[in-house]
Amino acid sequence: MMGWERGALRAMEFVAQPALAGAAFCLLALGVVTWLPALAAAATALQDWRRDGGGRPFTGTLRAFPRCWRALWKDGLAASALTALLVVNCLFLLSTGGPAAFVLLPVQFVLLATLAVYSLSLAAGIAVNASDEFRRRAAALAFGSPRRGLALLLVLLLAPLAVLPVPLGPLLLGPTIPLLLALSLHAPVKKRNPA
């Protein structure tokens, strides 16, 4: 294969592999409280792809889901309940208006952003090393450095907007692009075998 053909296939791989992991994430996240274990399963499949060049992120996500479910079902339930509570609070504060709403509404948004960054870090932490300390490592990744936390938050907000022109881009690539950043911050890959 010529150089440009190999480069074109390599570039397509960097779109296809995260999109396939995103498709499996969307399928698994249909259950309301399964989104966090599904995110961790997608992170596990993407970490395998990053480390070994394994080209099966869809089935890798499906295979990793039972292990991630056992480790994160309580976290997923708590995060889902907290997200629902914060969204209801935001809707209530938006409907009431007044000076109290202008003070409390930004607090709700900050709490939602904190929860989103921690959930992303938690998924990346269990993908890198599923030992008992993954929650502590996830907190260190999310909140140990303000620049890292801000970068994770920005990619969480901007990735779905950036892939809006791609058909189904926000669904397929919206969750996986932030995962790739979190994985690269958590466990940089020094050498990757060619696929």
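Looking at this structure, is Asp48 of a type in the set (Asp, Glu), assigned to a helix (DSSP H, G or I) and touching a Leu at 6+ places or on another chain (Cβ under 8 Å)? Before the answer, list the steps.
On the way: of a type in the set (Asp, Glu): yes; assigned to a helix (DSSP H, G or I): yes; touching a Leu at 6+ places or on another chain (Cβ under 8 Å): no.
No, not satisfied.
The residues of the range 27-63 that are open to solvent by 40 Å² or more (accessible area, probe 1.4 Å), touching a residue at least 40 places away in the same chain (Cβ under 8 Å) and over 22 Å from His186 (Cα atoms), listed by number, are Val32, Val33.
Residue-wise test of (1) of a type in the set (Phe, Trp, Tyr); (2) at pLDDT 90 or above; (3) part of a helix (DSSP H, G or I).
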site	(1), (2), (3)
Val15	no, no, yes
Pro18	no, yes, yes
Phe58	yes, yes, yes
Ala64	no, yes, yes
Cys68	no, yes, yes
Cys90	no, yes, yes
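What are the residues in the range 117-165 that are of a type in the set (Lys, Arg) and open to solvent by 80 Å² or more (accessible area, probe 1.4 Å), if any?
In the first step, residues of the range 117-165 are kept if they are of a type in the set (Lys, Arg); the result is 135-137, 147-148.
Correct list: Arg135, Arg136, Arg147.
Here Gly174 passes the criteria (1) outside any loop (DSSP other than H, G, I, E, B); (2) under 24 Å from Leu86 (Cβ atoms) except the one numbered (1). Is it true that Gly149 is under 21 Å from Thr83 (Cα atoms), assigned to a loop (DSSP other than H, G, I, E, B) and of a type outside the set (Asp, Glu)? For Gly149, the condition - under 21 Å from Thr83 (Cα atoms), assigned to a loop (DSSP other than H, G, I, E, B) and of a type outside the set (Asp, Glu) - is not met. Residues of the range 94-114 being surrounded by 14 or more Cβ atoms within 10 Å (Cβ to Cβ) and modelled with pLDDT under 90, which ones? Within the range 94-114, just Ala101 meets the criteria. From the list Leu9, Leu91, the lone residue that is under 28 Å from Ala127 (Cα atoms), of a type in the set (A, V, I, L, M, F, W, C) and open to solvent by 80 Å² or more (accessible area, probe 1.4 Å) is Leu9.
The values are calculated or read from the model by the stated rules, or taken from the named source; none is laboratory data. Since we're looking at a predicted model, the values are computed, not measured. Note that we place each Cβ from the backbone using ideal geometry, even for glycine, and neighbour counts take in every protein chain shown. Accessible surface is based on the protein model in full, side chains and every heavy atom, while ligands, DNA and RNA are left aside. Shrake-Rupley method; radii C 1.70, N 1.55, O 1.52, S 1.80 Å.
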